[in-house]
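Working notes, beginning with the structure itself.
The values are calculated or read from the model by the stated rules, or taken from the named source; none is laboratory data. Keep in mind that what you see is a predicted model, and the values were worked out from it rather than measured. With ideal geometry, Cβ positions are generated from the backbone for all residues, glycine too; neighbour counts draw on all protein chains shown. Remember, those area values only see protein heavy atoms, side chains included, never the ligands or the DNA or RNA. Shrake-Rupley method; radii C 1.70, N 1.55, O 1.52, S 1.80 Å.
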Amino acid sequence: MESTEKALVLKVGRFREVDAWVRLFSPRKGIFTAFAFGGSVSRRRFLGCLDPFNVVNFKVKHEAAKGYTYLLEGSLMAAHPRLRQDVERLGMAVNCIKFLEAAHLGATGSEHAFDLLMETLDALEQAEQPSRLLPLFFRARMAFDQGFKPELSHCARCGADVALQGGAQLFVEQGKLHCGDCRQWGHGASVRLSSPSLDVLQAVCELSPLQWAGLAVSNQARMECGRALDLFVEYHLGLTWDHGSFRRI
Ligand SMILES: [Zn+2]
């Protein structure tokens, strides 16, 4: 069966001199691996396509009996040249992709995750000085988009406006905020989020990645958000950062 698939190239490996395997992420199929025979030499069929962070329209053939997917040809739609040349941008982009690969829950929801990743890569590519917090914001938005977003403005128990109290306690397992008066009623691991941190998380949910660069984030908010998100991702997605990659726990 043949189809056309728009996909982001995540990784390319060569084998048998002229052949390649390509790890791809598409809004329709999620993450998958396909073979490109003659991929290393065929300039005609894969001109400039087989490099990480390229967005390519591939003609794809799936052989259900063997369970293999083959790339027949590709046309380049977008590239991210600065990402590949600038070590700092590259590191942040790789971090986002590692998280996506670890957290990704299959084809369902891929369309949304694809759009978010593309916007994040565009922000990393285009910004004159990309915020070092982009990978953190990407993880937060991915986790929140998968249905784990806590209500960030009111106490889950009494409904008090937590901004008026200067912040609240986030109970990680229930994904709920409790105000100071209701703090004793929460269970399990929790972290304090001051008002500026709650504002940052709210903005990360509402704004696009291109707008994240403009967010002012204090050191305290960065530490609070980072700590909350690590616990959140560990509990809800079962992932922890370990020696340069995300590991299932
Ligand atoms: Zn309360």
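Only one of the listed residues (Lys98, Lys61) is open to solvent by 30 Å² or more (accessible area, probe 1.4 Å), under 21 Å from Lys29 (Cβ atoms), assigned by TED's automatic domain parsing to the domain that holds Ala221 and touching a strand residue (DSSP E or B) at 6+ places or on another chain (Cβ under 6 Å). That residue is Lys98. Residue check: Gly91 meets all listed conditions (1) open to solvent by 10 Å² or more (accessible area, probe 1.4 Å); (2) touching a residue at least 60 places away in the same chain (Cβ under 8 Å) but one, namely (2). Take the conditions (1) touching a helix residue (DSSP H, G or I) at 6+ places or on another chain (Cβ under 7 Å); (2) touching a residue at least 12 places away in the same chain (Cβ under 8 Å); Ala78 misses just one of them, which is (1).
Within region 170-191, restricting attention to residues that are within 13 Å of the ligand (Cβ to nearest atom) and farther than 21 Å from Gly226 by Cβ, the residue that is surrounded by the most Cβ atoms within 10 Å (Cβ to Cβ) is Cys179.
On the given criteria, is Leu229 open to solvent by 20 Å² or more (accessible area, probe 1.4 Å) and either charged (D, E, K, R) or away from the ligand (no atom under 16 Å from the Cβ) (or both)? Steps first, please.
Values: open to solvent by 20 Å² or more (accessible area, probe 1.4 Å): no; either charged (D, E, K, R) or away from the ligand (no atom under 16 Å from the Cβ) (or both): yes.
It is false that Leu229 is open to solvent by 20 Å² or more (accessible area, probe 1.4 Å) and either charged (D, E, K, R) or away from the ligand (no atom under 16 Å from the Cβ) (or both).
Considering every residue within region 1-14, establish whether at least one is assigned to a loop (DSSP other than H, G, I, E, B) and either touching an Asp or Glu at 6+ places or on another chain (Cβ under 9 Å) or without any contact (Cβ under 8 Å) to a residue 24 or more places away in the chain (or both). Yes: region 1-14 contains one or more residues that are assigned to a loop (DSSP other than H, G, I, E, B) and either touching an Asp or Glu at 6+ places or on another chain (Cβ under 9 Å) or without any contact (Cβ under 8 Å) to a residue 24 or more places away in the chain (or both).
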